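The values are calculated or read from the model by the stated rules, or taken from the named source; none is laboratory data. The structure displayed is predicted, hence computed values, not measured ones. As a convention, Cβ positions derive from the backbone with ideal geometry for all residues, glycine included, and neighbour counts pool all protein chains shown. For the accessible areas, the whole protein counts, side chains as well, though only heavy atoms, and no ligand, DNA or RNA atoms are used. Shrake-Rupley method; radii C 1.70, N 1.55, O 1.52, S 1.80 Å.
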Amino acid sequence: MMPRQIVLTVNGEDHELWVLPSETLLDVLHDELGLADVRYGCGEGVCGTCTVLVDGEPVSGCLTLAVQAPGHQITTLRGLLGPGEALHPLQECLLRRGGAQCGFCTPGMVLTALNLVRRCGRPTRAEIRYALIGNLCRCTGYTKILDAIEEYAQTAAAGEPERDPP
Ligand code: FES
Ligand code: FES
């Protein structure tokens, strides 16, 4: 298989890369661009740890080929950080509520939840559970994650400043 030259726009920056047609977006973001916040879990679309936003929509990086991604805006958790690597308000809620323990699932949880809150404003508990159906956590028992997302949605709905992805 011959490598192809592509340009990926990740967290607002363009990256010129040579990739194999079979390489996944997860492999390229993690291994080529060194983004440790895009994580390999199951490799088959089940666990959600490799979630990134593509044009604002959550996508499994392990099920997406890198050659499908040029021309789209890719956002990883790192792209949500503020000046001085300040945490996104949703990350702060997760920390405050104990919704991030080992943190392995956290990037996928945050990106999926952020998309939900942007779509729904104040989602119900059931809507949050449904949205997170593809994001597995082995540590928290989920309740604290749901509490944190509810708190964040409440804050965002009250008009507190929110950082948009690039
Ligand atoms: S590594 Fe992609 S869904 Fe598990
Ligand atoms: S906090 Fe450890 S997997 Fe979720």
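In summary, L25 fulfils each of the numbered conditions (1) in the same structural domain as E150 (by TED's automatic domain parsing); (2) buried (at least 16 other Cβ atoms within 10 Å of the Cβ) with the single exception of condition (1). Within segment 79-88, being open to solvent by 20 Å² or more (accessible area, probe 1.4 Å) and farther than 21 Å from G159 by Cα holds for G84, E85.
Among residues of segment 34-78 being among the charged types (D, E, K, R) and open to solvent by 50 Å² or more (accessible area, probe 1.4 Å), the one that is nearest to C102 (Cα to Cα) is R39. In segment 34-146, counting only helices (runs of 4 or more DSSP H) that sit wholly within it, the ones holding 3 or more residues that are within 15 Å of ligand 2 (Cβ to nearest atom) span 89-97, 106-120. Restricting attention to segment 89-109 and to residues that are under 16 Å from Y40 (Cα atoms) and crowded, with 19+ Cβ neighbours inside 10 Å, the residue that is farthest from ligand 1 (Cβ to nearest atom) turns out to be T106.
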